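First up is the structure itself, then whatever we jot down about it.
The values are calculated or read from the model by the stated rules, or taken from the named source; none is laboratory data. Keep in mind that this is a model prediction, so the values were computed, not measured. Reconstructed Cβ throughout: ideal geometry from the backbone, glycine too, with neighbour counts over all protein chains shown. SASA here: full protein model, heavy atoms, side chains in, ligands and nucleic acids out. Shrake-Rupley method; radii C 1.70, N 1.55, O 1.52, S 1.80 Å.
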Amino acid sequence: MGLACGIVGLPNVGKSTLFSAFTASRADRAIYPFSTLEANVAVVNVPDERLETIHRFIETERIVPAAVKVVDIPGLAPGASHGEGLGNKFLGNVKEADAILQVVRCFDRPEVVREGPIDPKGDMEVLELELTMADLDTVGRACDRVGKKARGNDKQAKFELEVFSRAKALLEEGRILRTAEWKPAEVEALRALFLITMKPMLYVANVDQDDVAGASERVAAVREHATQMGSEMLFLCGEL
């Protein structure tokens, strides 16, 4: 299996709708929160014209394109990092992904249940706080584990403890780990922890049908946040 991409977001932002569009498969969806209790999974082939070109010169029995595993992860609720809304189970799905696609609600549909006004910036901050808290728990346990070996003068353990302690300090400040500078050896040490905030993230603003050009202030808020996080963003109309 190639790349695995996890689709995340708060409840009722349009994750399952976009999953269905991306994968040409059906995912259960509803207009009320927490209707989905299991992750939707699909494997999508990635078209590549270069494979056809190579096949003309080097004949093979069949052409095997690259594949992406797409996982539609049920809505993460505030408190997910402490187990709220099946949070531990859903965060486990996020940890298994190689990259994350965060869907942000930028559309108005009163029938699609939501507490409070549409607030893209607030939604992104809430979700990323949960991801940060989950990583903080992981790193804290890792520090305890390698700390014992480090006290025994284990060179590798000392290095890992230094890296994990720095990561812990950044997370306690509310920093997303991928926004910090890391040396290759440090990245390798952190990779073993499957930290969520180290994973590349693409932000997707889910817009109204009357904002297909992505000109609203809500989309601008997503774009600004993505830039601050050193990430890319795109907008599309998927609604729910």
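Running a GNM on the chain with Cα contacts under 10 Å, which residue among Phe57, Phe159, Phe19 ends up with the highest mean-square fluctuation?
Phe57
Excluding Met229 itself, calculate the net charge of residues whose Cβ lies under 13 Å from the Cβ of Met229, where each Lys or Arg counts +1 and each Asp or Glu counts -1.
+1
If each DSSP helix of 4+ residues adds -39,500 (n - 2.57) and the sum is divided by the residues in the chain, what number results at 222 nm, nearest 500 deg cm²/dmol?
-13000 deg cm²/dmol
Scan the chain and hand back the longest stretch that contains none of the GluC sites (Glu not before Pro) lying in DSSP loops with at most 15 other Cβ atoms within 10 Å.
Free of exposed loop sites, the longest segment is 182-240.
Using a basic spin-label model with each label point 7 Å from the Cα along Cα→Cβ, how many nm lie between Ile54 and Arg166?
3.7 nm
Defining a contact as two alpha carbons under 8 Å apart and six or more residues distant in sequence, what relative contact order in percent does the chain show? Show your work: numbers first, answer last.
On the way: 412 pairs, mean separation 56.1, N = 240.
Relative CO of the chain lands at 23 percent.
Over the chain, with every protein chain in place, what whole percent of the accessible area is carbon and sulfur at 1.4 Å, could you tell me? The partial results should precede the final answer.
Numbers: 7090 of 13260 Å².
Solvent-exposed carbon and sulfur of the chain make up 53 percent of the total.
Going out from 0 in 10 Å bins, what whole percent of all Cα-Cα distances in the chain drops into each bin?
7, 28, 31, 20, 11, 3, 0
Quick one: dipole size for the range 78-235, taken about the Cα centre, charges +1 on Lys/Arg Cβ and -1 on Asp/Glu Cβ, in debye to the nearest 20.
Roughly 1020 debye, rounded to the nearest 20.
Quick one: accessible surface of Met133, probe radius 1.4 Å, all protein chains present, in square angstrom to the nearest 10.
70 Å²
Applying 1/(1 + (r/R0)^6) with R0 = 22 Å to the Cβ-Cβ distance of Val64 and Val41, what FRET efficiency is obtained, to the nearest 0.05?
0.65
Which of Lys95/Lys168; Lys121/Lys183; Lys148/Lys168 have a Cα-Cα distance over 28 Å? Write down the numbers at each step before the final one.
Numbers: Lys95/Lys168 17 Å; Lys121/Lys183 31 Å; Lys148/Lys168 17 Å.
Pairs exceeding 28 Å: Lys121/Lys183.
At 1.4 Å probe size, what's the solvent-accessible area of Arg191? Round to the nearest 10 Å².
Arg191 has an accessible surface of roughly 130 Å² with all protein chains in place.
Place +1 on the Cβ of every Lys and Arg and -1 on the Cβ of every Asp and Glu in the chain, take the dipole about the Cα centre, and give the residue among Leu195, Ser165, Ile118 whose Cα lies farthest towards its positive end.
My answer, from the dipole projection, is Ser165.
By how many nm would the segment from Ala215 to Asp108 grow when fully extended, if each residue of separation counts as 0.36 nm and the alpha-carbon distance is taken off?
Working: separation 107, 0.36 × 107 = 38.52 nm, distance 1.47 nm.
That pair, Ala215 and Asp108, stretches by 37.1 nm at full extension.
Filter the chain for me: DSSP H helices, axial length by Cα at least 24 angstrom, mean Kyte-Doolittle hydropathy not below -0.5. List them by residue number.
120-151, 155-172
Antiparallel versus total DSSP beta bridges in the chain: what percent is that, nearest 5?
DSSP beta bridges in the chain are roughly 25 percent antiparallel.
Accessible area per residue for the chain in Å², computed with a 1.4 Å probe and the full protein assembly in place, what is it?
Details: 13260 Å² over 240 residues.
Value returned for the chain: 55 Å² of accessible area per residue.
If you take every residue apart from Ala99 with its C-beta less than 13 Å away from the C-beta of Ala99, what net charge results, scoring Lys and Arg +1 and Asp and Glu -1?
+1
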